[in-house]
Amino acid sequence: MAYTRIHAIKTTLNKALDYIENPAKTQEQLLVSGYNVDPISASVEYRMTAALAREIKGDYAKTGGADILAFHMIQSFSPYDKITPEQAHELGKKWADEILQGKHEYVISTHVDKGHIHNHIIFNSVSFYDYKKYETKPYKTAALLRKVSDRLCEEQGLSIIQNPNLKQKSPTHYEWEQHRAGTSWKAQIKENIDKAIEAATDYDSFKENLRKANVEIKEGKRISFKIAGSGQERYCRGDRIGEEYTREKIVARLAAPKVRELQKEEETKHRGEKNADSAPQPVFSSYDKKVEWEAQRTTLAATKELAAALMTIRQENIQQENDFEIRISGLSEKAAGVRSTMTELSGKNQQYKNAAKYLIAFNQYLPIKQELEKQLPFRKAKYARLHEGELAAFDHAAAQLEKLGVNTNVDPEKVLTLVKEQDGKVSELSAALKETTAKIDALRQAQRIVKEIYQQPKEPQEKRKERENQEL
């Protein structure tokens, strides 16, 4: 099982990258690699990608996103898991690739200096693929990281927590070790709360039961718990322990037996009031109403399915069963052609994007480089120190342009125009592909419904007439 977490980097990107790439922690950087970026120049590359995104998409400061430079993901394995540093590194790559979908540059390093192996992944907040900012959502992003990591760990035969609550924060390794030993203080609190509720008659007796079980309660905006004398330093909020351990849920659980008793009394009352010759009167509950609503909803959904299938059959001029396969085959061939064209255009456009990124940086920092050359010898060193970051970015951009074979005199605006045109073509193709695949899905759905209708057993003529007469 791997502990996972994510946090934003707003100001200290260089320091964060230096930390995760520390040779002492990564077997002399043998356990450091990058996706679509050289780890050595990652900080510069991230900023260049962000600058290119601003040129094409606009300034992210207007939408409140410019303050986040990168995100830092951590994947820490249990010391009980038999996993080598190399295996952990590859598993971390798979984790990052699935989370980021190949759209963000990242640096991954595997640290082996602690009692447990752990991965650090720092990825660019701006996508080099579509220039969109990576958006995190409270709980949802953390739950996604944990879910994907757990699945990958399970595939590798590593330990995971069964049926985890993905809305909760991942457990620390201390808590995991306690969990393996059966002594987790969260598990102890849960058990004590469950027993206290079962034995309680009201909320006050519930608190008294917990006090006797050596569990302290802190009541404020949220209810919190702590086992006295257990070494647990802080109170833990009920919602961090589990969904059923908030104040509201505990009160509801305490009231549940009384509600059931009232329901039984109501049912007995109804049975006593019925007449000897009358049919039993049902006692309706919220569950009955829900079932009734579900039945109505399912019928409506089935009707909508039939209507959609009929529309597809008419639009595609389906006359016989073989027409479905003919239409699907033709559309599938068309979709394959569109995908191939998109891949080719995207490949060419990536070259334009790289050229534009380095040309923008080259021209942006060229005045500083020229000013350095003008400095008197005794001032040159000081000027270089003051503009170390900009000069490093200029040198990196110049080297990359030389590697790409791009003349530094090329106007970046012309390349940007090409990038925007290519992006527009790819967007049009993407829309066409989406429309084609939607037609294929609709045809397959209609084909399935038609088959189901034709496979239904025919109703005997006598029974059909009898049913029709009854309906009349």
(request) Kindly establish whether residue 67 is under 26 Å from residue 11 (Cα atoms), acidic (Asp, Glu), touching a residue at least 12 places away in the same chain (Cβ under 8 Å) and not in a loop (DSSP other than H, G, I, E, B). (result) no
(request) Would you check which residues across the stretch 379-398 are loosely packed, with under 13 Cβ neighbours inside 10 Å and not hydrophobic (A, V, I, L, M, F, W, C) and list them? (result) 379, 382, 385, 388
(message) So in the stretch 1-53, with the set limited to residues that are β-branched (Val, Ile, Thr) and assigned to a strand (DSSP E or B), which one is nearest to residue 67 (Cα to Cα)?
(response) 9
(request) Determine, yes or no, whether residue 435 is within 25 Å of residue 52 (Cα to Cα) and surrounded by fewer than 16 Cβ atoms within 10 Å (Cβ to Cβ). (result) no
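Looking at the stretch 29-46, can you tell me whether even one residue there is farther than 26 Å from residue 350 by Cα and either at pLDDT below 90 or not aliphatic (A, V, I, L, M) (or both)? Before the answer, list the steps.
The initial filter retains those residues of the stretch 29-46 that are farther than 26 Å from residue 350 by Cα, namely 29-31.
Filter once more, keeping what is either at pLDDT below 90 or not aliphatic (A, V, I, L, M) (or both): 29.
Within the stretch 29-46, one or more residues are farther than 26 Å from residue 350 by Cα and either at pLDDT below 90 or not aliphatic (A, V, I, L, M) (or both).
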(message) Quick check on residue 92: is it assigned to a loop (DSSP other than H, G, I, E, B) and in contact (Cβ under 8 Å) with a residue 12 or more places away in the chain?
(response) no
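Just to check your reading of the model, which residue among 353, 334, 357, 304 is loosely packed, with under 13 Cβ neighbours inside 10 Å, under 40 Å from the mean Cα position of the chain (by Cα) and among the basic types (Lys, Arg)?
When all the criteria are applied, what remains is 304.
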(request) Give the residue, chosen from 401, 376, 372, 416, that is farther than 21 Å from residue 128 by Cα and surrounded by 12 or more Cβ atoms within 10 Å (Cβ to Cβ). (result) 372
(request) Among the residues of the stretch 1-18, write down those that are within 25 Å of residue 152 (Cβ to Cβ) and open to solvent by less than 100 Å² (accessible area, probe 1.4 Å). (result) 1, 2, 3, 4, 6, 7, 8, 9, 16, 17
(message) Among the residues of the stretch 75-94, are any closer than 21 Å to residue 360 by Cα and buried (at least 19 other Cβ atoms within 10 Å of the Cβ)?
(response) no
(request) Go through (1) open to solvent by 60 Å² or more (accessible area, probe 1.4 Å); (2) polar (S, T, N, Q); (3) assigned to a helix (DSSP H, G or I); (4) modelled with pLDDT under 90 one by one and return the number of the condition residue 317 breaks. (result) (3)
(message) Going by what's in this entry, would residue 69 be described as modelled with pLDDT of 90 or more, of a type in the set (A, V, I, L, M) and surrounded by fewer than 17 Cβ atoms within 10 Å (Cβ to Cβ)?
(response) no
(message) Give all pairs with beta carbons closer than 9 Å in which a residue from the stretch 366-382 that is touching a residue at least 12 places away in the same chain (Cβ under 8 Å) meets a residue that is acidic (Asp, Glu); count only pairs at least 6 apart in sequence or on separate chains.
(response) 368/390; 369/390; 369/395
(request) Could you grab the pairs with beta carbons closer than 6 Å, sequence gap of 6+ or different chains, first residue in the stretch 222-241 and over 13 Å from residue 190 (Cα atoms), second one open to solvent by less than 20 Å² (accessible area, probe 1.4 Å) and modelled with pLDDT of 85 or more? (result) 223/238; 235/224
(request) Any residue in the stretch 8-37 that's in contact (Cβ under 8 Å) with a residue 60 or more places away in the chain: show its pairings with residues that are of a type in the set (Asp, Glu) and surrounded by 15 or more Cβ atoms within 10 Å (Cβ to Cβ) at Cβ separation under 6 Å, as long as the two are six or more apart or on different chains. (result) 32/21; 36/105; 37/45; 37/105
(message) residue 108 - would you say it is over 28 Å from residue 397 (Cα atoms), modelled with pLDDT of 90 or more and either over 16 Å from the mean Cα position of the chain (by Cα) or open to solvent by 30 Å² or more (accessible area, probe 1.4 Å) (or both)?
(response) no
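The values are calculated or read from the model by the stated rules, or taken from the named source; none is laboratory data. Keep in mind it's a predicted model, so treat the numbers as computed, not measured. Quick reminder, even Gly has a Cβ in these numbers, built from the backbone with ideal geometry, and neighbours come from all protein chains shown. Each accessible area value is taken on the protein alone, full model and side chains, heavy atoms only, with ligands, DNA and RNA left out. Shrake-Rupley method; radii C 1.70, N 1.55, O 1.52, S 1.80 Å.
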